[in-house]
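What follows is a set of notes on a single structure, which appears directly below.
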Amino acid sequence: MATQRTQRSPRLDKKQVVDTALRLLNETGLDGLTLRAIAKELDVQAPALYWHFKNKQELLDEMATEMYRRMVDVPGATGGEGWRERLLAANRGLRSALLSYRDGAKVFSGSRFTGTLHAVEMERTLTLFTEAGFTLTQAVRATSTAFLYTIGFVTEEQGVQPLPGERREGYDTDERARRMADFPLSAAAGAEIFEDYERHFEEGLGLIVAGIGARYGMG
């Protein structure tokens, strides 16, 4: 413990660490993002980071929280007058925010928000839904389903395109079609799976919103 205290940096604050981690994430991806790499970038010894974070998961929790904080600071990211509009705006904003970071969906998924900032928007959303006629349970199911769709969609999208303009090797749809020539429908489906993610996301989100309305009789 004594050794660790001597390596703590009084000039290092939590926000510096998180901002640096989010910046490095775009360079290294989640697998390459280590406390050692962050410490090197900040020009401190790795143990200095343990003043703020006991382990990498605590850092990821704070990174996800900062990603969310930046997302809700964008005008219109979670807005909308009706439940449909709010659900569409919130999930479009979430996807856009996650795509700003390499492995953004992986960082966000499973992380625990620190503080209660997220509760502000959650309360507004649940109030809007319940006032529209949803029970609280239905409101939670509806919003959670849309959220999980977005997280899953972006996880798969970033598996192919880690950042906008990048494409991982092995996802050439023409080459895939040639390899799967004996399975014509599956071969042709490649363009529907691995191309035009913007359109596919919107179509899928639209299906979910329509399904929620139909399932709970919201017209």
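Residue-normalised convex hull volume from the C-alpha trace of the chain: 151 Å³ per residue.
With the charge dipole of the chain set up from +1 on Lys and Arg Cβ and -1 on Asp and Glu Cβ about the Cα centre, the Cα lying farthest toward the positive end among the listed residues Phe53, Leu207, Leu117 is that of Phe53.
Laboratory data are not the source of any read-out in this text; all were calculated from the coordinates shown. All of these numbers come straight from a predicted model, not from anything done at the bench. All Cβ positions, glycine included, derive from the backbone under ideal geometry; neighbour counts span all protein chains shown.
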